[in-house]
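Visitor: My questions all concern the structure below.
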Amino acid sequence: MFNHWVYLLYSYLIGSIPFSFLVPLLFKKINVMEVGWKKSSATNVYKNVGIIEGIISGLLDAAKGFFIVYLAMHNFGFSDPWLVAFACAVVFGHNWSIFLSFAGGRGLATYAGALLAFSPTLAILGVTIYFALGALLDGSISTIIALLVVIFVSPVMDFWETAGIYTALIFLPLLFKRLTPLRDFFHTKTPWELFKARLVFDDNQWHELRYIKLFQQLTNKDKGLQ
């Protein structure tokens, strides 16, 4: 039914379906590209549209990645290099959707869905690190750490040729997506500060880590009781 190149295009087109754009538009008539950090990401929907809409968007975005890799693995028997290519294509479709004039999200949910199809164990490990460290540090920093852990652990678990290479290839594009829209760098007096804030915190401003904020809040409460 599919040859390699047709399935590669199919993967990109499935990835391009902008669920994180469609869900808030259908549920609340909100254009997510005009709120928050102006990306069709489930996190943006979650924080700036609604919790339910964010969860639904995230699950649908993850399903794209899982569907593409699972179908290719179990129904067509493509080789590992092609499976990695399909997984990357579905994430690229999400991040640079043809249906949104090549705008899109950040690809984390779609990446995680494809990773789940490759290795449920690695996916669970990555998600656990993301949430555990995200609660103490920051979600954006925990994302970087989780991806690096998956890359370095995958050879030990004999998943380097699929999940490991896939994560290594997608690592830099995911970081690059944080820097967009690039035009903002030409309209600010502090482009280096914006670069650092987006790269580290995926935000337009640098801010404290969560454990520092928590410590400060507890300290201020103690001072107030004295």
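Visitor: Return the carbon/sulfur percentage of the accessible area of the chain, one whole number, probe 1.4 Å, all protein chains in place. Display every interim value, and only then the final one.
Guide: Working: 8380 of 12180 Å².
Carbon plus sulfur share of accessible area: 69 percent.
Visitor: Per Stokes-Einstein, at 10 °C and 1.306 mPa s, what whole-number D in µm² s⁻¹ belongs to region 96-143, with the Kirkwood radius over Cα pairs as the hydrodynamic radius? Before the final figure, lay out the partial values.
Guide: Numbers: Rh = 11.9 Å.
For the chosen part, D equals 134 µm²/s.
Visitor: Right, another one. Which percent of the Cα-Cα distances in region 26-92 go past 21 Å? Working shown, then result.
Guide: Working: 867 of 2211 pairs.
For region 26-92, the share of Cα pairs beyond 21 Å comes to 39 percent.
Visitor: Using the Cα atoms of the chain to build a convex hull, what is its mean projected area in square nanometres?
Guide: Working: hull surface 59.6 nm².
Mean orientational projected area (the chain, Cα hull): 14.9 nm².
Visitor: State the extension gain, in nm to one decimal, for the chain segment bounded by PHE76 and LEU199, taking 0.36 nm per residue of separation less the distance between their alpha-carbons.
Guide: On the way: separation 123, 0.36 × 123 = 44.28 nm, distance 3.78 nm.
Separation in residues times 0.36 nm, less the Cα-Cα distance, equals 40.5 nm.
Visitor: Express the C-alpha Rg of region 64-123 as a ratio against the empirical globular expectation 2.2 N^0.38 Å, rounded to two decimals.
Guide: Numbers: Rg = 11.5 Å, N = 60, 2.2 N^0.38 = 10.4 Å.
My calculation over the Cα atoms of region 64-123 gives 1.11.
Visitor: Same structure again: Go through LYS28/LYS196; LYS177/LYS213; LYS39/LYS189; LYS47/LYS189; LYS29/LYS213; LYS189/LYS213 and tell me which ones have a Cα-Cα distance over 31 Å in this structure.
Guide: Result: LYS28/LYS196; LYS29/LYS213 exceed 31 Å.
Visitor: Please report how far the C-alpha centroid of region 123-167 lies from that of region 78-95, rounded to the nearest whole angstrom.
Guide: After rounding, the separation between the Cα centres reads 18 Å.
Visitor: By per-residue mean of other Cβ atoms within 10 Å, what is the highest-first order of 141-150, 176-185, 60-69? Don't skip to the end; give the middle numbers.
Guide: Working: 141-150: 20.0, 176-185: 14.1, 60-69: 23.1.
Top to bottom by mean Cβ count within 10 Å: 60-69, 141-150, 176-185.
The values are calculated or read from the model by the stated rules, or taken from the named source; none is laboratory data. Remember, predicted model here, so these are calculated numbers, not experimental data. Every residue, glycine among them, receives a Cβ derived from its backbone with ideal geometry; neighbour counts consider all protein chains shown. For the accessible areas, the whole protein counts, side chains as well, though only heavy atoms, and no ligand, DNA or RNA atoms are used. Shrake-Rupley method; radii C 1.70, N 1.55, O 1.52, S 1.80 Å.
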